[in-house]
């Protein structure tokens, strides 16, 4: 399964989503831009998307909610270590109130992995960040025995947040 993402104006992306109703697409926006996400087993209909392979998936993405994407640049040699960490994660996030879905996305045309999470609303995400489960999940990274001679990250990670709302369609 793959995910493809493209950005543009909300109106343009909304018209593309309406034209392609048979496809599994999710339109989201924030203060800076709009993003159309295409989740499919086939090829994408986008011309120049960001391309990802789903390497871990829990839950179904919904038309309404709050999305957080942790964008993490990873070196070529760091990919196996990074993916090992996520495939062996504790799975605590799935038990949090307000959690909807997670996708761990391997980049196919860049070095930046995306950890996509969807929540019922922003408050549910903030509650997760303040939870013991969050602290426990993020402290596990330091407890692993990893060869520190290998550089895992190729740049600084950054977070993007979006709102999905079928009411805007």
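Every number in this text was worked out from the coordinates using simple rules, so none of it is lab data. This one's a predicted model, so the numbers in the text were calculated from it and none came from an experiment. Positions of Cβ are generated from backbone atoms using ideal geometry, with glycine treated the same way; all protein chains shown enter the neighbour counts.
Helix 132-143 and the longest principal axis of the C-alpha atoms of the chain enclose an angle of approximately 50°.
Taking 115, 100, 58 as the candidate residues, the one with maximal mean-square fluctuation in a Gaussian network model of the chain, Cα springs under 10 Å, is 58.
Gain on full extension, evaluated as 0.36 nm per residue between residue 43 and residue 77 minus their Cα-Cα distance, stands at 9.5 nm. Dividing the summed -39500 (n - 2.57) terms of all DSSP H runs of n ≥ 4 by the residue count of the chain sets its mean residue ellipticity at 222 nm at -6500 deg cm²/dmol. Between residue 87 and residue 30, the simple label model (points 7 Å from Cα in the Cβ direction) yields a spacing of 2.9 nm. Once you order the gyration tensor axes a ≥ b ≥ c over the Cα atoms, which shape class does the chain get: rounded for a/c under 1.5, otherwise prolate or oblate by comparing a/b with b/c? Oblate shape, in that a/c is at least 1.5 and b/c is the bigger or equal ratio. Taking the chain as the reference, fit the longest principal axis to its C-alpha atoms, fit the long axis of helix 10-19 to the helix C-alpha atoms, and give the angle between the two in degrees, 0 to 90, nearest 10. Tilt relative to the chain: about 70 degrees. Computed from the C-beta positions of residue 109 and residue 132, the FRET efficiency with R₀ = 41 Å rounds to 0.65. With contacts taken as Cα pairs under 8 Å and at least 6 residues apart, the chain reaches a relative contact order of 29 percent.
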